[in-house]
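Trainee: Have a look at the structure that comes next, please.
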């Protein structure tokens, strides 16, 4: 206890430099743990891009490719699923609900998706959270459109504004004769829904009535009122989200779809496909951990440099301790204890800074980026990191402490000019 009291007294006598060192360690620990929180939060948000959906069905390709175009709106399908096949699948006894998805058009670089009104009830994210409207409601008229939060913000759209859909992706050909009207704007979700213009399947079919083979039929223009009275059942859809009545029958339905005889189809489990995709895009998390670890290492090296640089000024102090009967191992232990205390206090302050920052910034991060960072007790991994910081702080002082150990009483009392 006397050594601990001595260490605290020594630190208090040099409180300015000690405070700066503790602050540097605290900042590095807060940064490291902050990166860890963001990493785990990003991974959880990524995995929760779509939830409560049992299967995603599309044309046979790869599971990651199917996930990319059906959920993330990246890339295009190799083929479509015919409407007859879709009807056969949803008529199976295992199916509880199904939502078709039709992709292919765009609006000023944002993807346009055709679906049914049930999509707004069935699509869930972040562990079962439902879509909410910031304003307006789902589409009711044939030419109503619902836009995501990013579409509204980046393009400055409001309820009632017209939207002209372009044919295809990055196309200069527009369906300007049949504009849609914004009927609803969704709340920010942090998912691809934010960057999607959602219309009804019938509306998407309506704007293509006068088109054949990707081009408009010359001289043909069907009025909107006529289209409203037409049968606009699609010939094919891009993919479908499916929920089953019993989780025990998911694999049975998946196998039946993958073995479907009428056309080559693929059914994937969203969670499995998301895990495969994260293995590809999650490489950046290793770089984040490496950078934050280097920051912590730099702070610890700075602490060792402070101890070492101050050692020459404390030579007389060490000599007095020796003259009073302190052993060389006591001097060495004192310096290592001081470093350990600074690292421990810095780690504790860093944790406090982290939780304070999370409490302030979490609502903003969730609203702006859709990244949910829960304020939870430190995980075993994070506690291990804190312990490693304290141990590393003690080890960083080993060389200065060893040098103090080697200083003799005569050398400490010698006046150097």
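Values quoted throughout were computed directly from the atomic coordinates according to the rules given, and no laboratory measurement underlies them. The structure presented is a predicted model; accordingly, all values stated were derived computationally and were not measured. Every residue, glycine as well, gets a Cβ built from its backbone with ideal geometry; the counts of neighbours run over all protein chains shown.
Trainee: Determine, from the Cβ-Cβ distance of residue 275 and residue 5 and an R0 of 60 Å, the FRET efficiency 1/(1 + (r/R0)^6), rounded to the nearest 0.05.
Mentor: Numbers: r = 53 Å, r/R0 = 0.89.
About 0.65, to the nearest 0.05.
Trainee: Next up: Residue 17 to residue 130: extension gain in nm, 0.36 nm per residue of separation minus the Cα-Cα distance? Walk me through the numbers on the way to the answer.
Mentor: Details: separation 113, 0.36 × 113 = 40.68 nm, distance 5.23 nm.
Length difference between fully extended and current span is 35.5 nm.
Trainee: Debye sum, Cα scatterers, segment 18-94, no solvent: what log₁₀ I/I(0) at q = 0.14, 0.16, 0.20, 0.26 1/Å?
Mentor: -0.66, -0.77, -0.97, -1.19
Trainee: Between residue 233 and residue 327, what is the FRET efficiency for a Förster distance of 60 Å, r being their Cβ-Cβ separation, to the nearest 0.05? All intermediate terms of the calculation are to be shown ahead of the outcome.
Mentor: On the way: r = 92 Å, r/R0 = 1.53.
That gives a FRET efficiency of 0.05.
Trainee: Among 376, 202, 153, which one shows the biggest mean-square fluctuation in a GNM of the chain, springs joining Cα atoms closer than 10 Å?
Mentor: 376
Trainee: In degrees, nearest 10, range 0 to 90: what is the angle between the Cα axis of helix 15-47 and the longest Cα principal axis of the chain?
Mentor: Once rounded, one gets 20 degrees.
Trainee: Using Cα centres only, tell me the gap between segment 83-101 and segment 36-69 in whole Å.
Mentor: First find each Cα centre; the distance between them is then 21 Å.
Trainee: Contour minus end-to-end for residue 256 and residue 398, with contour as 0.36 nm per residue of separation and end-to-end as the Cα-Cα distance? List each step's numbers first, then the result.
Mentor: Values: separation 142, 0.36 × 142 = 51.12 nm, distance 6.55 nm.
Taking 0.36 nm per residue and subtracting the Cα distance, the gain is 44.6 nm.
Trainee: Find how much the distance from residue 286 to residue 361 grows on full extension, using 0.36 nm per residue of separation minus their present alpha carbon separation; answer in nm with one decimal.
Mentor: Details: separation 75, 0.36 × 75 = 27.00 nm, distance 2.39 nm.
Length difference between fully extended and current span is 24.6 nm.
Trainee: Shifting gears a bit: Based on DSSP H runs of at least 4 residues, each adding -39500 (n - 2.57), what is the mean residue ellipticity at 222 nm of the chain after dividing by all its residues, to the nearest 500 deg cm²/dmol?
Mentor: Working: 16 runs with 215 residues, N = 417.
Counting only the DSSP helices, I get -16500 deg cm²/dmol.
Trainee: While we're on this one: Quick one: among 100, 363, 270, which has the greatest mean-square fluctuation in a GNM of the chain with alpha-carbon springs under 10 angstrom?
Mentor: It is 363.
Trainee: Please compute the contact order of the chain in relative form: average sequence separation of alpha-carbon pairs under 8 Å and at least six residues apart, divided by the residue count, as a percent. Could you put the intermediate results ahead of the total?
Mentor: Details: 648 pairs, mean separation 107.1, N = 417.
Worked out over the chain, it gives 26 percent.
Trainee: Which order do 286, 222 fall in if you start with the one that has the fewest other Cβ atoms within 10 Å? Don't jump to the answer; show the numbers that get you there.
Mentor: Details: 286 10, 222 15.
Arranged by neighbour count, lowest to highest, 286, 222 become 286, 222.
Trainee: Follow-up question, since we're still on this one. Got the relative contact order for segment 55-268 handy, in percent, Cα pairs under 8 Å and 6 or more residues apart? All intermediate terms of the calculation are to be shown ahead of the outcome.
Mentor: Numbers: 408 pairs, mean separation 69.3, N = 214.
The normalised contact order for segment 55-268 reaches 32 percent.
Trainee: If I take every Cα pair under 8 Å that is 6 or more residues apart in segment 10-102, average their sequence separation and divide by the length, what percent do I get for the relative contact order? Don't jump to the answer; show the numbers that get you there.
Mentor: Working: 31 pairs, mean separation 13.3, N = 93.
With pairs under 8 Å counted, the relative contact order is 14 percent.
Trainee: To the nearest whole percent, what portion of all C-alpha pairs in segment 55-268 is separated by more than 30 angstrom? The partial results should precede the final answer.
Mentor: Values: 4952 of 22791 pairs.
So the portion of pairs separated by more than 30 Å is 22 percent.
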